[in-house]
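**Student:** Before anything else, here's the structure in question.
Taken together, the values in this text are just the output of simple stated rules run on the coordinates, not laboratory data. Since the structure is predicted, the reported quantities are computational estimates derived from the model, not experimental observations. Backbone-built Cβ (ideal geometry, glycine too); neighbour counts: all protein chains shown.
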Amino acid sequence: MVSKILVIDDDPAVRAAFKLILEDESFSVCEAENGSQGIEMTQAERPDLIFLDLRMPGIDGVETLRRLKAIDETLNIYIVTAFANEYMEQLKSIHKEGFQFELASKPLSSAQIRNIAQTAIPHEVRRSMQHKLVLTLYVVSLNTETRRLVEQITTALANLYDPGQWVFDVVEVLGMPEKALEKDVFATPMLVRDVPEPVLKLLGDLSRVPSVIAAITTQAKGIGVQTVII
């Protein structure tokens, strides 16, 4: 069973960063852009962990927390915010009412996000989520050539692994706002994600596609997270 994590935050870049980090750990990640949407998603399917922002349009994080706990008081909720001081009195008040939650301050590193998820979700559940290969391809932008590369890699993976044994994510760097890919660090306005050790850094050289597929092939017997930067 794959553990489900819900990220409730009005900043799409923050949600995308959480998704990248957590999906690398084989968690299933859902996104909600406001409290109301997060409540609806929780009612539809209970998540194992919720990351919740405080300052959002519509109902704020404190009221969202109250309504989420009304659905299921056992929900595991981490409030992640840069405005803890602004909401401190409300947080103290809701805590005195008996509402349980954890509090973390932005920005969070990728290691901190992973540690929270791994601590919050039992090890025996996480063990069942392992894939033989989790591959991430970073591209400056998707064009005809890079789409062909994606198709070739996808075909190679499908030939090497059974369904469910592999994950292939494509991250279009220029398609995400306010970020940079420099010195193996993927940055967003509020978060920094350490890029794993790559299979190959292609640096725009599409002629090395066969080398990428060869590198994937060598991983067929092992387990690990691999990254390709192009």
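**Student:** In what order do 80, 170, 7 fall by count of nearby beta-carbon atoms within 10 Å, going from fewest to most?
**Tutor:** Sorted ascending by nearby Cβ count, the order is 170, 7, 80.
**Student:** Here is a follow-up. Subtracting the Cα-Cα distance from 0.36 nm times the residue separation, let me have the gained length for residue 67 to residue 88 in nm, one decimal. Can you show the working numbers first?
**Tutor:** Values: separation 21, 0.36 × 21 = 7.56 nm, distance 1.85 nm.
Stretched out fully, the residue 67 to residue 88 stretch lengthens by 5.7 nm.
**Student:** From the backbone phi of region 108-115, what are the Karplus-calculated ³J(HN,Hα) couplings (6.51 cos²θ - 1.76 cosθ + 1.60, θ = phi - 60°) in whole Hz, Gly and Pro given as x?
**Tutor:** Coupling constants for region 108-115: 9, 7, 4, 5, 5, 5, 4, 4 Hz.
**Student:** Hey, another quick one. Taking the radius of gyration and the Kirkwood hydrodynamic radius from Cα positions alone, what is the Rg/Rh ratio for region 1-65, to two decimal places?
**Tutor:** A ratio of 0.95.
**Student:** What number of lysine-lysine pairs in region 4-127 show an alpha-carbon separation below 26 angstrom, given a sequence spacing of 8 or more or placement on distinct chains?
**Tutor:** 10
**Student:** Over all alpha-carbon pairs of region 4-127, lay out the pair-distance distribution in 5 Å bins, whole %, shortest bin first.
**Tutor:** Answer for region 4-127: a P(r) of 2, 11, 24, 26, 21, 12, 3, 0 percent.
**Student:** Which ordering of 109, 26, 3 is given by a fewest-first count of other beta-carbon atoms within 10 Å?
**Tutor:** So the residues, fewest neighbours to most, are 109, 26, 3.
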